[in-house]
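The structure under discussion appears below in the form of structure tokens.
The values are calculated or read from the model by the stated rules, or taken from the named source; none is laboratory data. The shown structure was predicted, so the numbers you read here are calculated from the model rather than taken from an experiment. Methodologically, a virtual Cβ is constructed for each residue, glycine included, from the backbone with ideal geometry; neighbour enumeration extends over all protein chains shown.
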Amino acid sequence: MRFLPRTIFGRTLLVLLLGLTVSHLIGLALYAGERREALTAAGGRQVAERIAAVSEALENVLAADRPRVVRSFFEPGCRVTWTADSVLAEEN
């Protein structure tokens, strides 16, 4: 029971198919890595754009209307709150 082809045509075909398979697997691995990096960068850009949009909207609204405007930005995975006090720790 031999798995290797006996003819030169069969062996050539086997070498070509193995080469193509390895080449495609390497290309797929490179593509998956680049895709992951692109999605990470796009996600960070989207968060930055979202923060800028909220900030701009709050600057152009009266203080009394800010809680209502903040609620309009609620989405799954993005929670915006408005407080009069800073929630960041002060640096010394």
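In the stretch 73-82, which residues are out of contact with any helix residue (DSSP H, G or I) (no Cβ under 7 Å at 6 or more places or on another chain) and surrounded by 10 or more Cβ atoms within 10 Å (Cβ to Cβ)? Result: 74, single match.
Residue count for the stretch 37-66, restricted to those that are of a type in the set (S, T, N, Q) and at pLDDT 85 or above: 0.
Residue-by-condition table, conditions (1) acidic (Asp, Glu); (2) out of contact with any Ser or Thr (no Cβ under 9 Å at 6 or more places or on another chain); (3) loosely packed, with under 10 Cβ neighbours inside 10 Å; (4) touching a residue at least 12 places away in the same chain (Cβ under 8 Å):
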{"site": "31", "(1), (2), (3), (4)": "no, yes, no, no"}
{"site": "35", "(1), (2), (3), (4)": "no, yes, no, no"}
{"site": "41", "(1), (2), (3), (4)": "no, yes, no, no"}
{"site": "44", "(1), (2), (3), (4)": "no, yes, no, no"}
{"site": "50", "(1), (2), (3), (4)": "no, yes, no, yes"}
{"site": "59", "(1), (2), (3), (4)": "yes, yes, yes, no"}
{"site": "65", "(1), (2), (3), (4)": "yes, yes, no, no"}
{"site": "70", "(1), (2), (3), (4)": "no, no, no, yes"}
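Applying the condition of being small (Gly, Ala, Ser) and under 16 Å from the mean Cα position of the chain (by Cα) to the stretch 1-60 and asking which residue is nearest to residue 80 (Cα to Cα) yields 48.
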